[in-house]
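The values are calculated or read from the model by the stated rules, or taken from the named source; none is laboratory data. Computed from a prediction, not measured in an experiment: that's the story for all the values here. Using ideal geometry, Cβ is built from the backbone for each residue, glycine included, and neighbour counts are taken over all protein chains shown. To get the accessible areas, we keep the full protein, side chains included, count just its heavy atoms, and leave off ligands, DNA and RNA. Shrake-Rupley method; radii C 1.70, N 1.55, O 1.52, S 1.80 Å.
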Amino acid sequence: MDITNNFIDNYLTWLKSNINFKKIEDWIEISTPFLDSHNDHLQIYVKPLTDNRYLLTDDGYVISDLLLSGCDIETPKRKETLEQIVNRLGITLEDDSLTVEATPSTFAQKKHMLLQAMMSVSDMFMLSRSKVVNIFLEEIEMFFDIKEISYIPTVQFNGATGFIHSFDFAIPKSKTKPERLIKAINNPNRNAAESALFAWNDVSKTRKEGSRFIVLLNDIEKSVNDNVLKAFKQYGVNTIPWSKKDDYVSELLSA
């Protein structure tokens, strides 16, 4: 049995069977199986426009939730990171709402990218319990620079399903090391693990043989659930706990 194909089929079936629709005046509310930090289902709102187009939005939920949680997103670095996230995923930020327009043929892809943006923004900006203010991505970039690890930030690749997937970093292939794609997960949970695994299993079919996937897991404030680690291990994905990052420098270097 092809475990990669089996995972993708099961993941897509799970998505389809756990999405609910509700009509609210001119809008359609789509409740997804993905959970936010409060264990509530993430929701997308869709409104038909003219010329057979649709507006998709989170109605400002993600940004508002971060502000209510005490996260200051107005610092220059955080504003820059927010812009990077929405830009790489093709999402527009309008009055704190994450939005995107779609046609019937691009609806599934645009919905997928909007969900990725919602989870990425929430994950990258969520403060730890001790109110540490550094953003995880910023810490990673600083670590890479200090250790002279060559990397390309914010890269996108087409998957075998036709979906476009975003990765936080890519380390190019060298004479002695393969290409490595990297996802940074600030809040390692089932949602994040399943999303990352789907992205890699889809993209791995279109990359050169030998390409590898590495996940950086923020375990500074709390340990990573064993089920998350087992899921990555089952699909041959290397995980690096951030608390032990210095032990993995040779794995990330190009030579």
Q. Which of the helices (runs of 4 or more DSSP H) contained wholly in the stretch 182-255 include at least 1 residues that are in contact with a Pro (Cβ under 9 Å, 6 or more places away or on another chain) and open to solvent by less than 30 Å² (accessible area, probe 1.4 Å)?
A. 190-203, 226-234
Q | Single unsatisfied condition, Thr206 versus (1) in contact with a strand residue (DSSP E or B) (Cβ under 8 Å, 6 or more places away or on another chain); (2) over 30 Å from Thr106 (Cβ atoms) | A | (2)
Q. More than 15 Å from the chain's Cα centre (by Cα) and closer than 27 Å to Glu80 by Cα, is that true of Glu138?
A. yes
**Q.** Index of the failed condition, Ser31 passing every other in (1) within 20 Å of Ser122 (Cβ to Cβ); (2) in a loop (DSSP other than H, G, I, E, B)
**A.** (2)
Q. Out of all the residues in the stretch 203-219, is one or more without any contact (Cβ under 8 Å) to a residue 60 or more places away in the chain and either closer than 21 Å to Leu15 by Cα or in contact with a His (Cβ under 7 Å, 6 or more places away or on another chain) (or both)?
A. yes
Q: Could you run through the stretch 51-108 and say how many residues are under 19 Å from the mean Cα position of the chain (by Cα), farther than 12 Å from Val121 by Cβ and assigned to a loop (DSSP other than H, G, I, E, B)?
A: 1
Q: For Leu82, indicate whether it is open to solvent by less than 30 Å² (accessible area, probe 1.4 Å) and modelled with pLDDT of 90 or more.
A: no
Q. Could you list, in sequence order, the residues of the stretch 141-156 that are farther than 15 Å from Gln84 by Cβ and in contact (Cβ under 8 Å) with a residue 12 or more places away in the chain?
A. Phe143, Phe144, Lys147, Glu148, Ile149, Ser150
